[in-house]
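All remarks here apply to the structure that follows.
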Amino acid sequence: MSSAPLLLVDSACKAFGGVQALSECSVGVEEGTIAGLIGPNGSGKTTLFNVATGYERVDRGEIYFSGRRITRASPDRVFALGLGRTFQLTRIFSRLSVMENMLVASQAGRRGLRSLCTRAGSPGERRRALELLEFVGIARLASKPAGSLSYGQRKLLELAYVLVADPAVILLDEPAGGVNPSLINHIADRIRELNRQGKTFFVVEHNMEFVMSLCHQVTVMHQGTAILTGPPSTVRSDPRVLDAYLGGALEEDPGDGPEGQDGAGSL
Amino acid sequence: MKVTALVQGGRQARSPAADMEEPWQQERRARGAWAAGVAALLAIAIAFPWVFTNPTTTSIGVFTLIYMAAATAWNSFAGYSGYIPLGHAVFFGSGAYTLVIAAQDLHIRGGYTVFALVPLAGAVAVAVAVPFGLVALRTRRHTFVVITIAIFFIFQLMAFNLGITQGSSGIPAPTPTWPAATFNDRFYYVALAILVVAAAFSWGIRRSRFGLQLLAIRDDEDRALSLGVRVSRVKLTAFALSALPVGMVGAVWAYFIGQVYPQFAFDPLFDISVALMAFLGGLGTVSGPLLGALILEPLQQYFTLQFSSNALYLVVYGALFLVVILLLPRGIIPTVRDRVASWRERRSGSTALASGPDAAGGVLSSEMAGGGVAGAAGGGAVSPPGPSGPAVRRG
């Protein structure tokens, strides 16, 4: 890593009771790249996302975003700084319409009493929201209640409404999880397109094909620590990783990784 | 479902930009008819004491307006945020005590001057709501409900025991010297004014940026947080604002009944009534709590007058609560709205087959189901229109 990464998690430690979810975990995401994060279940990937976006506080360590320390920032502050995220189990506002979902992120900017007197969604905001819906391909559903969307459409909506506020970095927690193959390609395609436009991505995913074809850099986590970072080709062929994760993951069920194996962790 | 697909198909053919223009224009056209409907209902409300001059009737009118305003205010927090507080009687009681204590201390004897204390009562209620909210809003869901009840009982106990409230002997309100025949009318119009403000407020919040943040909190608070919504601030603001009209009607109530006792000013049944009114009419709609209060409060007054037994209306309340849960779990307004929407979709679907993209029905119905910004004009009737009201105005 030559220049300072746009997002840097530095020696983060986080324990839940006796479980050490993160231990001395350091990961950096370079500006303009698509970075991947893989590892078996329970290796601390989602915890890493949570501490980076303010949902959990680290016990030790620091988090920097574009040179600024955000270790103790709240989620709304983190988002305002330009770090957006999606959730593993897709979370949308199911009783609002798709369009209203899109508008939520642009409402928070105005403070106090003015937000009480201003109508939600200016024509400009609506136009922008519609462009983004068109970009992900669900513009025709704009007036539908978000609760009526399919799982894949919800994934797309979640991606779209994070984009509304134009964050510099987007953390995607399993964007391809539970989604049919053609939609996976569509999502990957959209991520690449956004990346071409300058967005930086950090992606947690169990689908190895997806990660390896999409990401410029892949970080492997095991037992709360980042054990390896490198381009997909290197990571794919690295014997440690192959033994510990991909061997099991590529053949069969990506979810039930070799939790009990400790080969890679000892390296 | 097939019909929906057809309607959707028709709309797909056009550009999405045109799609979005549609609800706006639709709304603009509906706005005239809608404003006329509200004005007509308001005119009825204003004319009511002239037509029904019997003091018993106007007295029921005053209580009904008080509860309509309170239920609307309660709903402007509870319905939009999804938090169910059962402690708004604290604000009602605070408003009531503010009026009688201030009138006593300022030696106001009666007449219209006392009404000048009503805004003060509202301000005190808001001042009470801020620390109340700071504590209670740290919790969610069931815990929040229980905490608000607990805080409510703390206030009731304080009213019984503090010197300033003069304990269980209560404090008399100033006695106005108005003629008996039109005595109630003054209270009626003041309560009506507060109701109009509360309803306008509820409607305004619903379509505002602030309101969309509240609705987002209702659906998924943590997700809203990660989209930059400052949830603590938004919740507290909504909670404090909802206390304002409640404190004001509490003051009017105190002046109207003439004596404030702790057990009536801080009455747990107030909370249950207000919540039940909102649930019956439709939680989270503008018109629902108005309709709910319009049904329940006269009913309660009628039972109290007719059988002079407080217990009977409680039995009716309990029974009604069960009926609402069993038959109308979402309340009258949303249920009726959905019925009308599906009826319309069927009808517009058959015309869409013949005449292409007559998609208005499809657009509107989906918005009715979702509620919200684009459909806000439809979603919110300021005055109780009766079950078929919103449907008629949409046309």
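The values are calculated or read from the model by the stated rules, or taken from the named source; none is laboratory data. All values derive from a computational prediction rather than experimental measurement. Counting neighbours? That spans all protein chains shown, and the Cβs are built from the backbone with ideal geometry, glycine included. In case anyone asks, the SASA skips ligands and DNA or RNA and just uses the protein heavy atoms, side chains included. Shrake-Rupley method; radii C 1.70, N 1.55, O 1.52, S 1.80 Å.
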- prompt: If one computes the Cα centroid of the range B:61-76 and of the range A:56-123, what distance in Å separates the two points?
  reply: 35 Å
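Protein chains only, probe 1.4 Å: how do A:Leu159, B:Leu225 rank by accessible area, largest first?
B:Leu225, A:Leu159
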message: Connecting C-alpha atoms closer than 10 Å in a GNM of chain A, tell me which of A:Val235, A:Val104, A:Val19 has the biggest fluctuation.
response: A:Val19
- prompt: Restricting to chain A, what percent of DSSP beta bridges are antiparallel, rounded to 5?
  reply: 55 percent
Neighbouring partner chain Cβ atoms per residue of A:69-77, average, 10 Å criterion: 3
message: Per-residue Cβ counts within 10 Å, from other chains only, averaged over B:211-221: what number is that?
response: 6
- line: the range B:49-310: relative contact order from alpha carbon pairs under 8 Å, six or more residues apart, as a whole percent, is 40 percent
message: Can you tell me which lysines have their Cα less than 20 Å from the Cα of A:Lys199? Leave out same-chain residues fewer than eight positions away.
response: A:Lys155
query: Rounded to the nearest 500, what is chain A's calculated 222 nm mean residue ellipticity when only DSSP H runs of at least 4 contribute -39500 (n - 2.57) each, over all residues?
result: -10000 deg cm²/dmol
Which of A:Tyr151, A:Leu183, A:Pro167, positive extreme of dipole for the range A:90-232 (C-beta unit charges): A:Pro167
- request: Identify the trypsin sites (Lys or Arg not before Pro) of the range A:172-225 meeting these criteria: DSSP loop state and at most 13 other C-beta atoms within 10 Å of the C-beta.
  value: none
- request: Calculate, for B:Tyr189 and B:Asp222, the FRET efficiency according to 1/(1 + (r/R0)^6) with r their C-beta to C-beta distance and R0 56 Å; round to the nearest 0.05.
  value: 0.80
